[in-house]
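See below for the structure under consideration.
No value in this document is a laboratory result; all are computed from the given coordinates. Please read these numbers as outputs of a predicted model, since none were measured by experiment. As a convention, Cβ positions derive from the backbone with ideal geometry for all residues, glycine included, and neighbour counts pool all protein chains shown.
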Amino acid sequence: MKNVDLVIIGGGPAGLAAAVAARKSGVQDILILERDSELGGILNQCIHNGFGLHTFKEELTGPEYAARFVTQVRELEIEYKLNTMVLDLAADKTVTAMNKTDGLFQLHPKAVILAMGCRERPRGALNIPGYRPAGIFTAGTAQRLVNMEGCLPGRRVVILGSGDIGLIMARRMTLEGAKVLCVAELMPYSGGLKRNIVQCLDDFGIPLKLSHTVVDIQGKERVTGITLARVENGKPVPGTEEHYDCDTLLLSCGLLPENELSRA
């Protein structure tokens, strides 16, 4: 592999914006490494609008916003490799990566930009009791299934967590024909934008239950129902349990930075 001046790990919006800014500042040799099959990162599945107001002074959907940056990257002839997994980043900035065409290869750039984004907090990190049936998804996984793969994850849905992605998926699932029974939030306030609460919940008559959490998941093969309870001082209050018959539980409980390389 020929060596480059700058390696950017991650081809999402942050990596693309960094590449464009670096090229405009005079860096010639740039290589973006992206593990997905296309540039744009998470924006490719965010088909709702609301992007681009600050950067492009107009309202765009996620794929439109990503396409603007991808176009700039191509016009500036910045190199990128797709389906490429970075395995290691050494202290001397040696980047070890692999893909199908090049196999295992190493780069020795003068600088590295980390733009790996986040992953969603999974069920295992939430300590919800119950079996491990099918029908439990993070909200982002459900978003990808609906918006990119064309699959509806379930018909009767409860959403835990009122972050923006959870609110947006409440609307999205409703528009696709599913019944969203409620959105539960552990905190006494929602983590999402006010406009998303109005546009995604209020407009569709979906109840938001603050200071509530899931205390039990029923079902062995597939989710058959969940139990919500009110929370005070971080603990579920006995006697406040409510049962919901559902086949799907979506988790929108925060993001964790993708930090394996940074720690190494």
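Fully extending the segment from Asn127 to Thr96, taken as 0.36 nm per residue of separation minus the present Cα-Cα distance, adds 7.6 nm. As a length-normalised measure over Cα pairs under 8 Å and 6 or more apart, the relative contact order of region 120-256 settles at 34 percent.
With bins 10 Å wide beginning at 0, the percent of Cα pairs of region 37-181 falling in each bin runs 9, 28, 31, 24, 8, 0. Principal-axis analysis of the Cα atoms of the chain puts helix 13-24 at an angle of about 20° to the longest axis.
What percentage of all Cα-Cα pairs in region 120-256 are separated by more than 24 Å?
Values: 1913 of 9316 pairs.
Every Cα pair in region 120-256 considered, those over 24 Å come to 21 percent.
Can you pull the Rg over Rh of region 6-116, Cα-only, Kirkwood?
On the way: Rg = 14.3 Å, Rh = 14.4 Å.
For region 6-116, the value is 0.99.
Over the chain, DSSP H runs of length four or greater, each weighted -39,500 (n - 2.57), average out per residue to a 222 nm ellipticity of -5500 deg cm²/dmol. Amide H contacts of Val180: Val157, each under 5 Å away and 5 or more positions distant or on a separate chain (H built 1.01 Å from N in the peptide plane; Pro and chain starts excluded). Remark: the Asp216-Leu104 segment gains 35.8 nm on full extension, using 0.36 nm per residue and subtracting the alpha carbon distance. Put a dot 7 Å past the Cα of Thr240, heading toward its Cβ, do the same for Met85, and the two dots end up 4.4 nm apart. The distance between label points at Asp36 and Asp202 comes to 3.2 nm (points 7 Å beyond Cα on the Cα→Cβ vector). Each label point was placed 7 Å from the Cα along the Cα-to-Cβ direction; for Thr61 and Lys179 their separation is 2.9 nm. For the chain, the fraction of C-alpha pairs more than 28 angstrom apart is 44%. Of all DSSP beta bridges confined to the chain, the antiparallel ones make up roughly 50%. Sorting the segments 77-90, 159-172 by their residues' average number of neighbouring beta-carbon atoms within 10 angstrom, most packed first, yields 159-172, 77-90.
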